[in-house]
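Comments concern the structure below.
Every number here is computed from the coordinates shown, using simple stated rules; none is lab data. This one's a predicted model, so the numbers in the text were calculated from it and none came from an experiment. Note that we place each Cβ from the backbone using ideal geometry, even for glycine, and neighbour counts take in every protein chain shown.
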Amino acid sequence: MLTAAEIRREFPILDQEVNGHPLVYLDSAATSQKPAQVIEAVNDYYRRYNSNVHRGVHTLGSLATDGYEGAREKVRRFIHASSMEEIVFLRGTTTAINLVASSYGRDNVGEGDEIVITPMEHHSNIIPWQQLAKAKGAVLKYIPLQEDGSISMEDVRSTITNKTKIVAVMHVSNVLGTVNPVKEITETAHAHGAAMLVDGAQSVPHMKVDVQDIGADFYAFSGHKMCGPTGIGVLYGKKKLLKNMEPVEFGGEMIDFVDWYDATWKELPWKFEGGTPVIAGAIGLGAAIDFLEGIGLDAIEAHEEKLAAYALDQMRQMDGVTVYGPEKRAGIVTFNADDVHPHDLATVLDAEGVAVRAGHHCAQPLMKWLDVTATARASFYLYNTEEDVDTFVSSLRTAKEYFGDVFG
Amino acid sequence: MSLGNLDTLYRQVIMDHYKNPRNRGELEGDILKVDMNNPTCGDRIQLQMRVEDDQIAEAKFNGEGCSISLSSASMMTQTVKGMKTEDALRMSSLFSDMMLGKEIDAAGMDLGDIEALQGVAKFPARIKCATLAWKAMEQGLAEEEEA
């Protein structure tokens, strides 16, 4: 495998100084950077074969269609779906979960039924279910968290009941780094006749994901967190479920026949892709998948776990630094420093060229559970190096000293 | 390593207001309450004011946030307490201009500690922290006007 330093050179944006220091980008959980080959693929599409898809007759049109549908096949292979009909291109994870809530949810959840989620979910996997529960008079239930921010299967089994119609859980927490046992949770959901949705925004970019092995009915993720462009995401759904679901967006591109007072839909997956799709985005996502596969997802996962462990090791030796989340985790380290608000911390780190996230990370219910208003987060990806972690740790030390002085 | 630039942001007087906020607490009786938050970062304040005869007789706040948002709330309450509402609004607009890095004409107004926040203008990501309490004050006075 290439070294992280070699991989880093594939990302043009990382070769710059921020505030007079070499950029150390530790915010990939928010969005990842893009390698030259992804930027080139998007560029090439616009320069050479930009055209609308599925209109077949002219040459550029069929090149664009091949690019767009070729990307769908790459996604299918990447997550081991059995058919391209199961791969719906949408704007991102949020849109994908909303589609399931507004279509499958609307038709399958009734008064008194239960929807089960966890307190660690991102807002995008909370609010669509809150809205659905309110509209249907259904009950939104939370699987409780263990003290370290993990989930126990015992709690899963006692929360999911025969009234549960949908279980929606994130694969990897964007705050705690927890890797949830989604395969086991799916088995429990299915044993009670509930459908299972997995929010894969933080897993697909970083580890091998086999949707058939997990067995979930729906699996959602975003292109921009996996070296692809913004504006493109994927909903994987089992064919037998997608088939019976109504579209939620109507118009061009998704129809079969249109009469004055009625219309019929295209077959899967296009009936869910109303309007001109994000063609360049899908092609860019295909290039991102080629890039990630070229390096190997197992190697990427191992590299990030190593960086997180290396960072944790040093942070635990620092006085007055609290790290959240379980011991076994993905490449995400969320923390707070005593007496320094994470916003102030992030400003000092930024002055040192280190980009971290500060705030509630779109997980306000989880912040409540942690009993904090905000946290700082460093997240790692394949282009981060041990030197990045060293710079981060020494900047964190500087920040603590700085505020120690000004509070003096 | 130079953190010199940061010293223009984290001035001593700011850290003093952060550590020892003025007017933090609750008002009793017939008061105006405004809750305002910064949804991107989770900072939130509740501003309480008693307005009598177009004058801000009392102002207190509660809330959670970073050093910039809390010190700004502390300074804002300190400054507008006792002010005519129209002067408080003029001060707020001066403050907005200051955050945008504009030249300001503070003729007849005593900026006091607020001047220390001038450095925030150089940190665009933090301007919203500094203006939170001021926006709450503006909204409170607008609600009072409507009532």
Inset, instruction - Check the straight Cα-Cα distances from B:Lys81 and name the lysines below 16 Å, setting aside those fewer than 8 residues away within the same chain. - result: B:Lys33, B:Lys60, B:Lys135
Legend entry - Residue-wise HN-Hα coupling along the range A:399-404, computed from phi with Karplus coefficients 6.51, -1.76, 1.60 (Hz; x: Gly, Pro): 4, 4, 5, 4, 6, x
Inset, instruction - Enter the mean number of other protein chain beta carbons within 10 Å of the beta carbon of each residue in A:14-20, as an integer. - result: 1
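Among A:Leu2, A:Leu242, A:Leu382, what is the fewest-to-most ranking by other Cβ atoms within 10 Å?
A:Leu2, A:Leu242, A:Leu382
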Inset, instruction - Based on other C-beta atoms within 10 Å, arrange B:Thr79, A:Thr3 from fewest to most. - result: A:Thr3, B:Thr79
Inset, instruction - Assuming R0 = 41 Å, can you tell me the calculated FRET efficiency for the pair B:Asp30 and B:Asn5, based on Cβ-Cβ distance, to the nearest 0.05? - result: 0.35
Inset, instruction - Would you give the gap between the C-alpha center of the range A:35-87 and the C-alpha center of the range A:232-248, rounded to a whole Å? - result: 19 Å
Legend entry - Gap separating the Cα centres of the range A:111-179 and the range B:32-81, nearest whole Å: 36 Å
Inset, instruction - Would you please name the GluC sites (Glu not before Pro) within the range B:39-147 that are DSSP coil residues with at most 12 other C-beta atoms within 10 Å of their C-beta? - result: B:Glu103
Legend entry - Given A:Lys136/B:Lys128; A:Lys136/A:Lys225; A:Lys74/A:Lys266; A:Lys208/A:Lys266, the pairs whose alpha carbons are separated by over 28 Å: A:Lys136/B:Lys128; A:Lys136/A:Lys225; A:Lys208/A:Lys266
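Let's test the formula: R0 of 51 Å, r as the Cβ-Cβ distance of A:Thr59 and B:Met109. What FRET efficiency results, to the nearest 0.05?
E(calc), rounded to 0.05, equals 0.15.
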Inset, instruction - May I have the pair-distance distribution P(r) for chain B, computed from all Cα-Cα distances with 5 Å bins from 0 and rounded to whole percent? - result: 2, 10, 21, 23, 21, 14, 6, 2, 1, 0, 0
Inset, instruction - Find, among the GluC sites (Glu not before Pro) in the range A:258-325, those assigned to loop by DSSP (not H, G, I, E, B) with at most 11 other beta-carbon atoms within 10 angstrom. - result: A:Glu267
Inset, instruction - Compute the separation of the alpha-carbon centres of the range A:189-231 and the range A:278-321 and state it in Å as a whole number. - result: 16 Å
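May I ask for the Kirkwood hydrodynamic radius of the range A:1-108, worked out over all distinct Cα pairs and given in angstroms to one decimal?
For the range A:1-108, the Kirkwood estimate is 17.4 Å.
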Inset, instruction - Enumerate the amide H contacts of B:Val51 below 5 Å, restricted to partners 5 or more residues apart or on another chain; note that Pro and chain-start residues carry no placed amide H. - result: B:Leu32, B:Ala57
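For n ≥ 4 DSSP H runs only, could you compute -39500 (n - 2.57) per run for chain A, divide by its residues and tell me the 222 nm figure to the nearest 500?
Calculated at 222 nm, the ellipticity per residue is -11500 deg cm²/dmol.
For a distance above 29 Å, tell me the whole-number percent of Cα pairs in chain A that qualify.
Within chain A, distances greater than 29 Å cover 47 percent of Cα pairs.
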Inset, instruction - Determine how many Å³ per residue the convex hull of the Cα atoms of the range A:296-407 encloses. - result: 103 Å³
